[in-house]
Amino acid sequence: QVQLVESGGGSVQAGGSLKLSCTASGRIWRNCGMGWFRQAPGKERELVAFIGDYMKTNYSDSVKGRFTISADNGQNTVHLQMNSLETEDTAVYYCAANLGLDCTLYWGQGTQVTVSS
């Protein structure tokens, strides 16, 4: 059974920083990529950042230049360094991972990030 465990959420003032981490555990034969999505109240879940094969990264336009995603595939871990946080970044952040021979999508339980003005 594959599980994604997230850590690092919390509350911060605008302009501050937070770092999220997510580790996948269980029987993992292949890591096709890991990343982060977020969902604000009343809004759809959206991609924040993803890192895939050959460490290729993809960012939402709204976080480019402020957030940095990194991964340690040997540890099946992904990090999201969030700098210059804005109130609009307030959301539940979900870790996502494509794992296994068929790159099945798994989700973490979500971690709250609250940015106050």
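Return the total of residues in the range 56-81 being in contact with a helix residue (DSSP H, G or I) (Cβ under 8 Å, 6 or more places away or on another chain) and within 14 Å of Asn31 (Cβ to Cβ). Selection size over the range 56-81: 1. Of the strands (runs of 3 or more DSSP E) that lie entirely inside the range 57-117, those containing 3 or more residues that are open to solvent by 20 Å² or more (accessible area, probe 1.4 Å) and not polar (S, T, N, Q) span 104-107. Counting the residues of the range 13-49 that are without any contact (Cβ under 8 Å) to a residue 24 or more places away in the chain and open to solvent by less than 30 Å² (accessible area, probe 1.4 Å) gives 0. Among residues belonging to the range 6-32 that are within 11 Å of the chain's Cα centre (by Cα) and not basic (Lys, Arg), point out the one that is modelled with the lowest pLDDT. Checking each candidate, the answer is Gly9. I want to confirm something. Restricting to the range 44-72 and keeping residues that are aromatic (Phe, Trp, Tyr) and over 17 Å from Thr87 (Cα atoms), which single residue is modelled with the lowest pLDDT? Result: Tyr54.
The values are calculated or read from the model by the stated rules, or taken from the named source; none is laboratory data. For clarity, every value in this text was computed on a predicted model and none was experimentally measured. Here the Cβ is made from the backbone with ideal geometry for all residues, glycine too, and neighbour counts use every protein chain on show. The area values use the complete protein model at the heavy-atom level, side chains included, leaving out ligands, DNA and RNA. Shrake-Rupley method; radii C 1.70, N 1.55, O 1.52, S 1.80 Å.
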